[in-house]
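*Asks:* Just passing along the structure, written as structure tokens.
The values are calculated or read from the model by the stated rules, or taken from the named source; none is laboratory data. Predicted model, so just to flag it, every value in this text is computed and none were measured. For neighbour counting, all protein chains shown are included, and Cβ atoms are generated from backbone atoms with ideal geometry for every residue, glycine included. With ligands, DNA and RNA removed, areas are computed over all heavy atoms of the protein, side chains included. Shrake-Rupley method; radii C 1.70, N 1.55, O 1.52, S 1.80 Å.
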Amino acid sequence: VNGNVAHLYYDGSVQQHNFKNFELKIDVKTMPGSNSGIYFHTIYQESSWPKKGYEVQVNNSHTDWRRTAGLYAIQDVKEAPAKDEEWFAMHIKVKGKRITVKVNDKLITDYTEPNDVTRDTGMAGRLLSSGTIALQGHDPKSTVFYKNIMVKVLGD
């Protein structure tokens, strides 16, 4: 991903692109100073940052202090668990109210959404529900590569 703000939404036949409980495995490589993200439980939007769903941050060295594998503005990570210019494996699992994110098999984020959670106005849509997955193109100076994208649907 590289260019102006844009998002690539999964619009395929698996689960009619509406995932609730799932595992996502994806190989990622960031270039120096780059920023991206992986959204889930989101829906297609014509422009801007997705307003629905969570974003798993992908950022090892961008000026934004929020680093790879954190849940953006919900449970942030301050130290990058991976290096720029090296492929790393990211594993996102959503089951019930629990979200886990691993990088190279190391657990980085383990978050359970409270039953009565409310968010500030700008983050009102950051709630577990169901929806598709989107890869973020953050800005023209950011280049992030994704490959070997695999999704496994989990039962309730």
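*Asks:* Taking the range 19-72 as the search range and keeping residues that are of a type in the set (G, A, S) and at pLDDT 95 or above, which one is farthest from D156 (Cα to Cα)?
*Replies:* Restricting to residues being of a type in the set (G, A, S) and at pLDDT 95 or above, the top hit is G33.
*Asks:* So I92 fits all but one of (1) open to solvent by 70 Å² or more (accessible area, probe 1.4 Å); (2) not in a loop (DSSP other than H, G, I, E, B); (3) not basic (K, R); what number is the exception?
*Replies:* If we test I92 against (1) open to solvent by 70 Å² or more (accessible area, probe 1.4 Å); (2) not in a loop (DSSP other than H, G, I, E, B); (3) not basic (K, R), just (1) comes out false.
*Asks:* Sticking with this structure for a sec: Among the residues of the range 80-114, write down those that are under 16 Å from G37 (Cα atoms) and not β-branched (V, I, T).
*Replies:* Passing the criteria: A80, P81, A82, K83, D84, W87, F88, A89, M90, H91, K93, K102.
*Asks:* Would you list the strands (runs of 3 or more DSSP E) that sit entirely within the range 21-81 and hold 1 or more residues that are open to solvent by 40 Å² or more (accessible area, probe 1.4 Å)?
*Replies:* Per the criteria, 22-30.
*Asks:* Of all residues in the range 35-79, which are within 9 Å of the chain's Cα centre (by Cα) and among the aromatic types (F, W, Y)?
*Replies:* Y39, F40, Y54, Y72
*Asks:* Also, quick follow-up: Sort out which residues of the range 125-139 are assigned to a strand (DSSP E or B) and either surrounded by fewer than 16 Cβ atoms within 10 Å (Cβ to Cβ) or touching a helix residue (DSSP H, G or I) at 6+ places or on another chain (Cβ under 9 Å) (or both), and write them in order of number.
*Replies:* Answer for the range 125-139, where residues must be assigned to a strand (DSSP E or B) and either surrounded by fewer than 16 Cβ atoms within 10 Å (Cβ to Cβ) or touching a helix residue (DSSP H, G or I) at 6+ places or on another chain (Cβ under 9 Å) (or both): G131, T132, I133.
*Asks:* Further, regarding this structure: Mind listing just one residue for me: the one in the range 108-124 that is modelled with pLDDT under 95 and of a type outside the set (G, A, S) and, of those, surrounded by the most Cβ atoms within 10 Å (Cβ to Cβ)?
*Replies:* The qualifying residue surrounded by the most Cβ atoms within 10 Å (Cβ to Cβ) is M123.
*Asks:* Sticking with this structure for a sec: Could you list, in sequence order, all residues of the range 95-124 that are of a type outside the set (F, W, Y), farther than 14 Å from F19 by Cα and part of a strand (DSSP E or B)? Steps first, answer last, please.
*Replies:* Residues of the range 95-124 of a type outside the set (F, W, Y): 95-110, 112-124.
Still in the list and also farther than 14 Å from F19 by Cα: 98, 100-110, 112-124.
R98, T100, V101, K102, V103, K106, L107, I108, T109, D110, T112, listed by residue number.
*Asks:* Okay, next question. Say whether the condition of being more than 27 Å from Q15 (Cα to Cα) and in contact (Cβ under 8 Å) with a residue 12 or more places away in the chain is met by at least one residue in the range 38-49.
*Replies:* No - not one qualifying residue is present in the range 38-49.
*Asks:* Could you tell me which numbered condition N18 fails, if it satisfies all but one of (1) open to solvent by 10 Å² or more (accessible area, probe 1.4 Å); (2) over 18 Å from S130 (Cα atoms); (3) polar (S, T, N, Q)?
*Replies:* (2)
*Asks:* Turning to a different aspect of this structure: Would you please list the contacts, defined by Cβ atoms under 7 Å and residues six or more apart or on different chains, that run from a residue in the range 1-29 that is touching a residue at least 60 places away in the same chain (Cβ under 8 Å) to a residue that is of a type in the set (D, E)?
*Replies:* V5/D139; H17/D11; N21/D156; K29/E85; K29/E86
*Asks:* Look at the range 116-137 and say how many of its residues are hydrophobic (A, V, I, L, M, F, W, C) and touching an Asp or Glu at 6+ places or on another chain (Cβ under 8 Å). Steps first, please.
*Replies:* Taking the range 116-137 as the starting set, the residues that turn out to be hydrophobic (A, V, I, L, M, F, W, C) are 117, 123-124, 127-128, 133-135.
Filter once more, so that each one left must be touching an Asp or Glu at 6+ places or on another chain (Cβ under 8 Å): 127-128.
Adding up the residues that qualify gives 2.
*Asks:* Suppose the filter is free of Cβ contacts under 8 Å to residues at least 60 places away in the same chain, out of contact with any Leu (no Cβ under 7 Å at 6 or more places or on another chain), under 24 Å from A6 (Cα atoms) and surrounded by 20 or more Cβ atoms within 10 Å (Cβ to Cβ); does V144 pass it?
*Replies:* It is false that V144 is free of Cβ contacts under 8 Å to residues at least 60 places away in the same chain, out of contact with any Leu (no Cβ under 7 Å at 6 or more places or on another chain), under 24 Å from A6 (Cα atoms) and surrounded by 20 or more Cβ atoms within 10 Å (Cβ to Cβ).
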